[in-house]
Amino acid sequence: MKKIIIIALLTAIAAAAFAGCAQTDVVLKYSPDSFRAITGAFPGIVEDNSDGYYAVSVDKETKLLVSSDYSLGLEDILIQTPLQPFTDAGMDSSKLGTGYRADGDMLYLTADYGNGTGKKENLTDAVYESVQYDRKTLGYHQDLDHYGVRLPGGKFEFAKDYTTNDKDIVFVIAAKPLADLGVDVQKIEGWVFKTMQEADGSDVDVLLKPYDLT
């Protein structure tokens, strides 16, 4: 009986601790509202759900694609962007590794976040299905005051407050994996090469495609 009581007590303590952590997780708590604020204020950047994917795009070329049902395939979230600027900078698309693929005239960064919990009826819920799979998928970029969803080869970031930020959404691609393939990452048309600081203080080279919607 004592063992049962102790186990029950420990379970209750663990549950309370988890609930406390969830309540103090301000990034997870508030970031969905920031995303909804942007897509609500600028509905033109959200494309109709087609082929099972929601899409977010400003220029109709570089896009965030999000599966409405993660159980349907391995590519749950993708960044799509024209391939030509990368091949012009030296990319051999046949050498792309896991997390990347070339299809026609497009380059894709891909991510798998498990089988999910069923079909999602709106874009925000579909995006945050990735966070249910792995909380570390969601982060906060202090320098830009952005929230972001990580993919193996990059990130999709959005402003915490689009009304005060001049970079409302940003597509991010990690530069080093491409540089390792011989790509001149500082000469990719349409993308900005920058060295940025991670939360742990380390530097990382990235390619950025920012959009100011206001």
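Any read-out appearing in this document is the output of simple, stated calculations on the displayed coordinates, not a laboratory observation. None of the values given here were measured: they were computed from a predicted structure. Cβ placement follows ideal geometry from the backbone for every residue including glycine, while neighbour counts extend to all protein chains displayed.
For residue 120, list the aspartates and glutamates whose Cα falls under 13 Å from its own Cα; do not include residues on the same chain fewer than 8 positions away. By straight Cα distance, residue 120 reaches 69, 76, 129.
An ellipsoid equivalent to segment 38-79, defined through the eigenvalues of its Cα gyration tensor, has semi-axes of 20, 11, 8 Å when rounded to whole angstrom and sorted largest first. Note that segment 71-170 shows a convex hull volume over its alpha carbon atoms of 131 Å³ per residue. Magnitude of the charge dipole for segment 27-211, about its Cα centre and with charges confined to Cβ atoms of Lys, Arg (+1) and Asp, Glu (-1), is about 260 debye.
For the peptides 150-161, 85-96, the ranking by mean Cβ contacts within 10 Å, running from highest to lowest, is 150-161, 85-96. Please arrange 137, 98 by counting, for each residue, the other beta carbons lying within 10 Å of its beta carbon, fewest first. By the 10 Å Cβ count, ascending, the order reads 98, 137.
Every Cα-Cα pair of segment 27-211 was included, and the share exceeding 25 Å stands at 31 percent. Span-like helix criteria (full DSSP H runs; alpha carbon extent of at least 30 Å along the helix axis; mean Kyte-Doolittle hydropathy of at least 0.5) are satisfied in the chain by 2-24. May I ask which of 160/209; 29/60; 29/136 have a Cα-Cα span longer than 25 Å here? Table pairs above 25 Å Cα-Cα are 29/60.
Relative contact order, whole percent, for the chain stands at 16, derived from Cα pairs under 8 Å and 6 or more residues apart.
Take every Cα pair under 8 Å whose residues are at least 6 apart in sequence, average their separation, divide by the length of segment 31-147, and the relative contact order is 22 percent.
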